[in-house]
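Contents: one structure, followed by commentary.
The values are calculated or read from the model by the stated rules, or taken from the named source; none is laboratory data. Computed from a predicted model, the values in this text were never measured in an experiment. Cβ: placed from backbone, ideal geometry, glycine included. Neighbour counts: every protein chain shown. Remember, those area values only see protein heavy atoms, side chains included, never the ligands or the DNA or RNA. Shrake-Rupley method; radii C 1.70, N 1.55, O 1.52, S 1.80 Å.
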Amino acid sequence: MSDKEVLLTQDGLKRLEDELENLKSVKRREVAERIKVAIGYGDISENSEYEDAKNEQAFIEGKIITLEKMLRNARIINSDEIDLETVSIGSTVVVEDLEFGDTMEYTIVGTAESDPLNNKISNESPVGKAIIGKKKGTTVEVSVPAGIIQYKIVDIKM
């Protein structure tokens, strides 16, 4: 079975590469130093500092493996692939909530880059699924736990 393709924008690729580099060059060294110091305290069988450092080391190594796998399976969405007529990954979309009249601006990204607090929503999220492939002026319905929300796609940009 092949690994799932990871869709990334150029910014997302850079962010993942930077995070991986930081884990490999900085965090690994910091944890190794913590382990060394904890071993210096003596008996490691009852040494909480040693246990904490070893657990952090395992977490960091797991994160490194995950990031390397994501980067191996990455497909970069270039700006020339973004169609300003249709919502796609990499598009910035302005939508209007038809019930309340609020407008929101979202950038559609792959799941690896999703950051709802910064208005970067995944193409696999409920809103992302509803608007991907749609054109400006289209009204879509999004099923959310509170019910159905209707959004009108007001604008599509890069």
| Where in the stretch 1-111 are there helices (runs of 4 or more DSSP H), lying wholly inside it, with at least 2 residues that are among the hydroxyl-bearing types (Ser, Thr, Tyr)? | 48-72
| Criterion violated by PRO126 - all others in (1) within 24 Å of GLU21 (Cβ to Cβ); (2) under 16 Å from the mean Cα position of the chain (by Cα); (3) of a type outside the set (D, E, K, R) satisfied | (1)
| Qualifying position, being under 30 Å from ILE132 (Cβ atoms) and out of contact with any Asp or Glu (no Cβ under 7 Å at 6 or more places or on another chain), among ASP3, ASP52, ASP43 | ASP3
| task | Quick one: which residue in ALA32, ALA38, ALA74 is surrounded by 15 or more Cβ atoms within 10 Å (Cβ to Cβ), farther than 30 Å from MET158 by Cα and in contact (Cβ under 8 Å) with a residue 12 or more places away in the chain? | result | ALA38
| field | Which listed residue is over 22 Å from the mean Cα position of the chain (by Cα) and open to solvent by 80 Å² or more (accessible area, probe 1.4 Å), from ASN55, ASN118 | value | ASN55
| message | Can you report the number of residues in the stretch 84-108 which are touching a residue at least 60 places away in the same chain (Cβ under 8 Å), within 19 Å of ILE121 (Cβ to Cβ) and either over 15 Å from the mean Cα position of the chain (by Cα) or exposed (fewer than 15 other Cβ atoms within 10 Å of the Cβ) (or both)? | response | 7
| field | Matching residues, the stretch 114-125, being of a type in the set (D, E, K, R) and either modelled with pLDDT under 90 or part of a loop (DSSP other than H, G, I, E, B) (or both) | value | GLU124
